[in-house]
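Inspection log for the structure reproduced underneath, given as structure tokens.
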Ligand code: GAL
């Protein structure tokens, strides 16, 4: 590739100059281009274990090449590193007004400038302090670049807080006694980090806006996952001690009552022993697992098994795996070290025989994140020699990669749940979840997931009131995995009779939107665009354009002020759909509409343009808005994901008054044949005729990888 062989930036120089305080000048980086718009630098001795290495990322060069060439972000030319106290110190400059996003899956804040975090895999604890399920050491700047530290250490990040005594932009000293504008947080002009290791790899991703930076990051990591079609339907996790009969009864109830269901989740009680686990079926609750799974499959319903990796003495692999487990236990279960080939082999053999070959479609990989007093401590030792700290940072990521490989070998796509991840995960077919259960913060996590290259579900479990139940179910239906997790409470979608029909309506809407959602995930896979997007990723809304959006004046108008704030209670699904959820106790809210016209999804009426609108939508529906020219393809409200052999009519909605076109993606929905070119992109075209009326057209491919028969156009805006 032309680019890769071209330029090298900077020099790794140890200039012997000293500052007046006597410190040696740190060294600049040597940046090697590794793909169009992506550079790498190795500082000191890099660790053998890195997140990108564990995830075995295979950059999607076709997608990166399509995005094209772009210059190295000039500002980062001034970045420096040094070694001190056996650690690696990094410093990346910042400009005034520059905003930072990312630094992992956060639940309270989207913008990260001015924060301090120690990135550490853990169950989220209510604070954005770095302890989270996916503490991805990656940040995106509003000036159009991203920085990734490819290290599995507990990295401390000062995201624009430290003030160098002799920095170029050192703020002036002030007198608090006499100066009212004395600032407790004087201006900081850099992101600084401590990597507790002798070296690290650093990557830089360029972009003309935040979206392009995320695209390059996701594409470099292999492109986002493309779930099987069933993965995007509705899923219900049954109570932990349910038997096969009880599950089948529940599935039949969903059907009889008209609630959609695409896969069921079995919780710990499917096994003979759990916490720690045997990984084999309980012979009383599940006497014939293959028959049970075949019964589900006849309805095109898949299954997902809960596990955590910690092995019990009652597991058939216990003795074999024992030599490959760590020094400490988790719930008295042994902790396999998957960096050893035998541990990987024994798990693969047992799981393949017990689960994959009888028809299990995926896993929920629990408790690979924390909490500290459950998991192995940092003094733990592992047979591969990898330290406990790095083990903690990569354990969930490694399990995702390992299981994805098992399914890939069978040319079968999976889609599961996991509680820990790290950098390099976009291509892995897993969605993060947790026990934290704060509805508002769950929505903020949907926003921040788009800057971390991970998927997140704000799962619904139970609720105190019917109002809360409906609000939670509404948001779940606009997330990467529409899931009711009834493992403890046994809640059903219809548990609250007064909202049961509204819950049904939003679940069916989710099913209707499958063609739109599937294409949105195809964009994630082929183009690197996150399926769920923080508002800061929307065109014309991010970066400098924000303050001057439209003709608005940033000093006095509420829109400009609103867009400067952290926008964490509304988000985009794909290119066109803006979701503005309400929470229990709320009857109205403000919605920030980016520049351009936005229309009500349900009525097609103009809702506003580049402004803050106040809405009081009632309880029944989740507020949804569609961008000017938005094209939303929908299928009928089906109860199960359509089978591979099924073909359905399509209704394509168009919003607004302008001509538009959008390409619809399709393939077999279940295998990796798309990697061998078996897919279709079909142009949905809306043009004005001679009378100035909007008309739609398409040329339907006659391809096996296309599952739609006819199209009817609905012009929603009259
Ligand atoms: C929790 C998990 C829940 C449920 C439960 C079963 O750790 O977050 O979703 O699976 O374990 O014991």
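See the values below:
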{"item": "Test set (1) surrounded by 23 or more Cβ atoms within 10 Å (Cβ to Cβ); (2) away from the ligand (no atom under 16 Å from the Cβ); (3) in a helix (DSSP H, G or I) - residue 442 fails condition number", "result": "(2)"}
{"item": "Answer from 219, 226, 241 - the residue that is within 16 Å of the ligand (Cβ to nearest atom), touching a helix residue (DSSP H, G or I) at 6+ places or on another chain (Cβ under 6 Å) and not in a strand (DSSP E or B)", "result": "241"}
{"item": "Given (1) closer than 22 Å to residue 54 by Cα; (2) part of a loop (DSSP other than H, G, I, E, B), number of the condition residue 344 does not satisfy", "result": "(2)"}
{"item": "Failed item in (1) out of contact with any helix residue (DSSP H, G or I) (no Cβ under 9 Å at 6 or more places or on another chain); (2) assigned by TED's automatic domain parsing to the domain that holds residue 396; (3) more than 14 Å from the ligand (Cβ to nearest atom), with residue 468 passing the rest", "result": "(1)"}
{"item": "Some residue of the range 300-309 being within 13 Å of the ligand (Cβ to nearest atom), buried (at least 17 other Cβ atoms within 10 Å of the Cβ), over 29 Å from the mean Cα position of the chain (by Cα) and not in a strand (DSSP E or B)", "result": "no"}
{"item": "Lone unmet requirement of (1) part of a loop (DSSP other than H, G, I, E, B); (2) over 23 Å from the mean Cα position of the chain (by Cα) for residue 595", "result": "(1)"}
{"item": "Residue satisfying all of: in the range 361-384; touching a helix residue (DSSP H, G or I) at 6+ places or on another chain (Cβ under 9 Å) and within 16 Å of the ligand (Cβ to nearest atom); farthest from residue 298 (Cα to Cα) among these", "result": "375"}
{"item": "Only one of 97, 63 that is closer than 23 Å to residue 170 by Cα and either touching a helix residue (DSSP H, G or I) at 6+ places or on another chain (Cβ under 8 Å) or in a loop (DSSP other than H, G, I, E, B) (or both)", "result": "97"}
{"item": "Any chance residue 285 is assigned by TED's automatic domain parsing to the domain that holds residue 408 and part of a strand (DSSP E or B)", "result": "no"}
{"item": "Tally of residues being within 16 Å of the ligand (Cβ to nearest atom), in a loop (DSSP other than H, G, I, E, B) and farther than 18 Å from residue 136 by Cβ across the range 385-435", "result": "1"}
{"item": "Verdict on residue 509 being touching a residue at least 24 places away in the same chain (Cβ under 8 Å), more than 25 Å from residue 246 (Cβ to Cβ) and surrounded by fewer than 22 Cβ atoms within 10 Å (Cβ to Cβ)", "result": "yes"}
{"item": "Filter pass, residue 279 being within 16 Å of the ligand (Cβ to nearest atom), surrounded by 22 or more Cβ atoms within 10 Å (Cβ to Cβ) and outside any strand (DSSP E or B)", "result": "yes"}
{"item": "Residue match in the range 481-497 (condition: more than 15 Å from the ligand (Cβ to nearest atom), part of a helix (DSSP H, G or I) and in contact with a helix residue (DSSP H, G or I) (Cβ under 7 Å, 6 or more places away or on another chain))", "result": "no"}
{"item": "Qualifying positions in the range 27-68 - at pLDDT below 95 and farther than 13 Å from residue 202 by Cβ", "result": "45, 48"}
{"item": "Residue that is assigned to a strand (DSSP E or B), within 21 Å of residue 582 (Cβ to Cβ) and at pLDDT 95 or above, where the choices are 626, 612, 652", "result": "626"}
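The values are calculated or read from the model by the stated rules, or taken from the named source; none is laboratory data. Here the structure is a predicted model, which is why all the values come from computation and not from measurement. A quick note on method: Cβ atoms are made from the backbone with ideal geometry, for glycine too, and the neighbour counts reach across all protein chains shown.
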